[in-house]
1. Could you tell me which residue out of PRO170, LEU195, ILE249 lies farthest along the dipole of the chain toward its positive end? Charges go on the beta carbon: Lys and Arg +1, Asp and Glu -1, centred on the Cα centre.
2. Under the rule of -39500 (n - 2.57) per DSSP H run of 4 or more residues, summed and divided by the residues of the chain, what mean residue ellipticity at 222 nm is obtained, to the nearest 500 deg cm²/dmol?
3. By counting other Cβ atoms within 10 Å of each Cβ, how are VAL18, VAL138, VAL326, VAL83 ranked from fewest to most?
4. How would MET277, MET56, MET182, MET231 line up from fewest to most surrounding beta-carbon atoms within 10 angstrom?
5. For the chain, modelled as a GNM with alpha-carbon contacts under 10 angstrom, which of VAL28, VAL236, VAL136 fluctuates the most?
6. Would you order TRP106, TRP321, TRP13 from fewest to most other beta-carbon atoms within 10 Å of each residue's own beta-carbon?
7. Of all DSSP beta bridges located in the chain, what percent are antiparallel, nearest 5?
8. Setting aside same-chain residues fewer than 8 positions from LYS99, which lysines have a Cα under 18 Å from its Cα?
Amino acid sequence: MVRRAYISASSHWVPEKVLTNFDLEKLVDTTDEWIRTRTGIEERRILGAGKATSDMAAEAVKALCKQRGIDPKEIDVIVVATVTPDMFFPSTANLVQEKVGAKNAWSFDVAAACSGFLFGLNIGAQFVQAGTHNKVVVVGADKMTSITNYRDRNTCVLFGDAAGAVLLEPSEDDDIGLLDFMLHSDGSGAEYLMLKGGGSLNPASLETIANDWHFIYQDGKSVFKFAVTKMAEVAVNILERNNYSGKDIKMLIPHQANLRIIDGTVKRLGIDYDKVMININKYGNTTAATIPLALSEAYQQGKLDKGDLVLFATFGGGFTWGSGLVRWGLDNPVKK
Ligand code: UT7
């Protein structure tokens, strides 16, 4: 029998402060109508100065432990997926470990942009499957506003701040848990979506600041073309590999970058919209946090029952993309 990992708790945390499309109309030459029709976003959350990605991640992990009824000292590993670490080093996961008091956990970050949570989930699952660890926390967290240029209408309307987390434990039922992953990278896409400054190639300087290289650069059209094809393809491929089709899944939980990209995946899968978890309207693109945030909301709103087949799909900077298939293992908290 395979020792399978399952999601034994699912939580999220978002800042209270809301930035609406109407607020953005006052900052750049844009309109609520353009943002809604081109992206599906209505508002996003903003963390503000003095707080960082690790603060949001720590809140999500505290909520996770509370939900599962465990002491943070029981956690064995913490994996944090992020492109907005508090600092280059130490890792954000280490700062989270300290903030939640997970004294017995070792911890590290994963950098795979919007696909970071799925990459981290696959890594985390393998610690459980290998039999070496029993409680693995995987977090997707990003303070995107810390790298957003509020003078650039092409990007500033898209992003927000959030954190989502799951706890992975060994499943007692072989049918329940993380069933499969398909993950991909294509470094030739690096040039279309990046943060150019501050790394070893272009260390911070007056020039990098003058060139806005410490903010997200995105060639939206090029990224869109890849995203709309690849996210749909990888969602269909994982179902086929496991002898399922769109009708077998209870819920698609896609990366929330653009409603039109999600549309492409929904159409390829041939599923109805009531099977798709969408919250991009409330939060925008929160990069590594979108999937665990949407999962946590779906779970807490009572949209998932034990035994449901859940499909994750993502596309992001790198390029990176992938899918994950889960047989849900928690009772519905609303029906309980
Ligand atoms: O999560 C990581 C992966 N990222 C993605 O998946 C994002 C993929 N890309 C996208 O979602 C879309 O490309 C965007 C939402 C970023 C942009 O939408 P688009 O339909 O591709 O617009 P565009 O970049 O082709 O721009 C169309 C027009 C341009 O004006 P002109 O040149 O036609 O006169 C832009 O300057 O819309 C203009 N524009 C805006 N107008 C009002 C761009 N941003 C804005 C804005 N408000 N905020």
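Every number here is computed from the coordinates shown, using simple stated rules; none is lab data. Given the structure is predicted, the values throughout are model-derived calculations rather than measurements. Cβ coordinates were reconstructed from backbone atoms using ideal geometry, including for glycine residues, and neighbour counts include every protein chain displayed.
1. ILE249
2. Computed mean residue ellipticity for the chain: -9500 deg cm²/dmol.
3. So the residues, fewest neighbours to most, are VAL18, VAL83, VAL326, VAL138.
4. MET182, MET277, MET231, MET56
5. The residue that fluctuates most here is VAL28.
6. Taking fewest neighbouring Cβ atoms as first place, the list is TRP106, TRP13, TRP321.
7. 70 percent
8. Answer for LYS99, where 18 Å is the Cα cut-off: LYS51, LYS62, LYS66, LYS73, LYS135, LYS143, listed by chain and number.
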